[in-house]
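The values are calculated or read from the model by the stated rules, or taken from the named source; none is laboratory data. Because the structure is predicted, anything quoted here is derived from the model rather than measured. Backbone-built Cβ (ideal geometry, glycine too); neighbour counts: all protein chains shown. These accessible areas exclude ligands, DNA and RNA; they are computed on the full protein's heavy atoms, side chains included. Shrake-Rupley method; radii C 1.70, N 1.55, O 1.52, S 1.80 Å.
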Amino acid sequence: MSIFGKKETIYLYSESQKDDFIEKLEKAHVDYRIREDRDSVFSNHTTYVLRLDAKDLKKVV
C-alpha cells in the first residue's frame, strides 16, 4: 500500500462478507488494512472498514 495515492474505503456489515472479501483480496495479492468501526463497538452488529488502493480495487471487483 502506498502512502500517497487514492484510497478506497469499503464497509462490510457482517463476518461472512468480511471473510469472502478478504479471500478475494488474498487471491489477487492486494495489500489492504481492515479495522472494526468504532461506532459499532457498542451496538449489536459489527461493521468492518477496509482500506485499499483505488487501482487495486479493479483487480477484485
Check: What number of residues within the stretch 8-27 are exposed (fewer than 14 other Cβ atoms within 10 Å of the Cβ) and of a type outside the set (S, T, N, Q)?
Finding: 9
Next item on the list: Confirm whether K55 is surrounded by 10 or more Cβ atoms within 10 Å (Cβ to Cβ) and touching a Gly at 6+ places or on another chain (Cβ under 9 Å).
Entry: yes
Notebook entry, point to check: Here are some residues: V30, V49. Which one is open to solvent by less than 40 Å² (accessible area, probe 1.4 Å) and assigned to a loop (DSSP other than H, G, I, E, B)?
Noted result: V30
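Can you name the residue in the stretch 33-46 that is assigned to a strand (DSSP E or B) and surrounded by 12 or more Cβ atoms within 10 Å (Cβ to Cβ) and, of all such residues, is modelled with the lowest pLDDT?
Applying the first criterion (assigned to a strand (DSSP E or B)) to the stretch 33-46 yields 33-36.
Restricting the remaining residues to those that are surrounded by 12 or more Cβ atoms within 10 Å (Cβ to Cβ) gives 34, 36.
Values: I34: 96, E36: 91.
Filtering first and then ranking leaves E36.
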